[in-house]
Amino acid sequence: MKLKAISMTVAAATAGVVLSANAGVVKTEGEDIIISTKKGGLELKTESGDFSFKVSGKLQWDYASYDDLYAGIAKADDKGRKGYIRRAEIGFSGKAYGDWKYKLSMENKDDTIKLDDAKITYTGFKTVDVTVGRWGRDYGLENTVSSSWIMGIERSMMYDFLQGGEGNNYGIEFATGGDNYTAVFGIHNDDQTDEKTGEERLASYVVRGTFAPVMEDNMLVHLGLNYYNKNPDAKNKVTLGTTVGLKKGYELKLEIEKVKSDSEYLLEAAAQFQSLQLQAEYAVRNLKSDNANSDVTVSAYYAQASYMLDGGKRSYKDGAFGSPKGGQWEVFGRYSDVNLDIDSATDDVKLSSYTLGVNYFPTKNIRASLNYVTGKLDDDAVTADQNDKGSAVVGRLQYVF
């Protein structure tokens, strides 16, 4: 009898363990709903996967100290130091009826809450996904990587001069792909207005294709090609601006009136050998104006490398790199170069920037980064009354869910 009582006690304890293991499943009148918090956010989905709802977001807080070129123009205090929220976002995404995906996200920008993404994707065609709404265009390798997982605190200043990946715009996109390739074609409304009517009536199209000829556990090779074109009617003004590799640094602006042609192409190349990642991009943008001697050609490139000190590597999917896996410490370096060939100027305007940094990923949700940035502007007319060189130290604390 005593042995039987012990057996019943063990059985009851075992049942309790089983019940605890299944505590994440909620029974409903329809399908079972699975609740997940493993990525730090909240996700609900049906057992079949046809319906889902997810809450996600990010918070990036930066602190920077500037000198010379950067501190001369930056909106900082007298000591050239500033703390600011770089990004604060919250979003809702999911799936409905198996073939429909949706995403809605908001961001805090310049102390104002604004709409970031609002899109619907239909995947029922199997070979081609169709997306309509508002979102950031797939353009360029570094631009396609989430701001949460890029190597540096900021992307290369090369992207400051490109329109293909600029901002979030309304449009329609067709995308296809396989295990080692992607192809995207999109038509979007552009963020430019007619100077006379004030109407935003410009349309642009963008094409991106990627191919990974080598895609193994310890080795990856990535290649990509992008093209962007829009149809200005010689009534529009284009403004080129950069902060020379820093968010809150020196701001150089160049305005081009009566633009009648605006196109650009971008080449991507990257390789990953376990913990070592190499990446470079090259872009050319041609702007033609109805005004005499006002054409501008922008040529730019950057090259960067990173190494995970404790054996990790970055994930890769659909032509873009993601968060690091298996490592906590990463060091990286980058060189960026931009050349502006302006018909009306005697000499080209040249800009360059070096960035050195270290990243720490204590958990899958938290990232701490420290960057040292130097910038140089070779143009006596622009920097006649101030330093043409500068440096900055920038730190970031990030939480994503």
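List of remarks:
- Taken together, the residues in segment 313-328 that are assigned to a loop (DSSP other than H, G, I, E, B) and either surrounded by fewer than 18 Cβ atoms within 10 Å (Cβ to Cβ) or out of contact with any strand residue (DSSP E or B) (no Cβ under 6 Å at 6 or more places or on another chain) (or both) amount to 4.
- Candidates are the residues of segment 107-126 that are touching a strand residue (DSSP E or B) at 6+ places or on another chain (Cβ under 7 Å) and modelled with pLDDT under 95; the one that is nearest to Ala175 (Cα to Cα) is Asp117.
- Residue in segment 380-387 that is assigned to a strand (DSSP E or B) and either among the hydroxyl-bearing types (Ser, Thr, Tyr) or buried (at least 16 other Cβ atoms within 10 Å of the Cβ) (or both) present: no
- Candidate set: segment 174-231, residues that are surrounded by 17 or more Cβ atoms within 10 Å (Cβ to Cβ) and in a loop (DSSP other than H, G, I, E, B); chosen: the one modelled with the lowest pLDDT: Gln192
One line per residue, one yes/no per condition, for (1) under 17 Å from the mean Cα position of the chain (by Cα); (2) among the small types (Gly, Ala, Ser); (3) assigned to a loop (DSSP other than H, G, I, E, B); (4) more than 26 Å from Phe51 (Cβ to Cβ):
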site	(1), (2), (3), (4)
Asp117	yes, no, no, no
Ile120	no, no, no, no
Val132	no, no, no, no
Ser147	yes, yes, yes, yes
Tyr159	yes, no, no, yes
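- Residue pairs meeting the criteria (Cβ under 8 Å; at least 6 apart or on separate chains; first of a type in the set (Lys, Arg), in segment 39-51; second surrounded by 15 or more Cβ atoms within 10 Å (Cβ to Cβ) and part of a loop (DSSP other than H, G, I, E, B)): Lys39/Asn365; Lys39/Phe401; Lys45/Phe51
- Only one of the listed residues (Glu142, Glu107) is among the charged types (D, E, K, R), in contact (Cβ under 8 Å) with a residue 24 or more places away in the chain and either in contact with an Asp or Glu (Cβ under 8 Å, 6 or more places away or on another chain) or surrounded by 18 or more Cβ atoms within 10 Å (Cβ to Cβ) (or both). That residue is Glu142.
- Out of Val331, Val338, one residue alone is more than 18 Å from the chain's Cα centre (by Cα), surrounded by 17 or more Cβ atoms within 10 Å (Cβ to Cβ) and in a strand (DSSP E or B). It is Val338.
The values are calculated or read from the model by the stated rules, or taken from the named source; none is laboratory data. Note that the structure is predicted; figures quoted are calculated from it, not measured. FYI the Cβ positions are ideal-geometry reconstructions off the backbone, even for glycines, and counts take in every protein chain you see.
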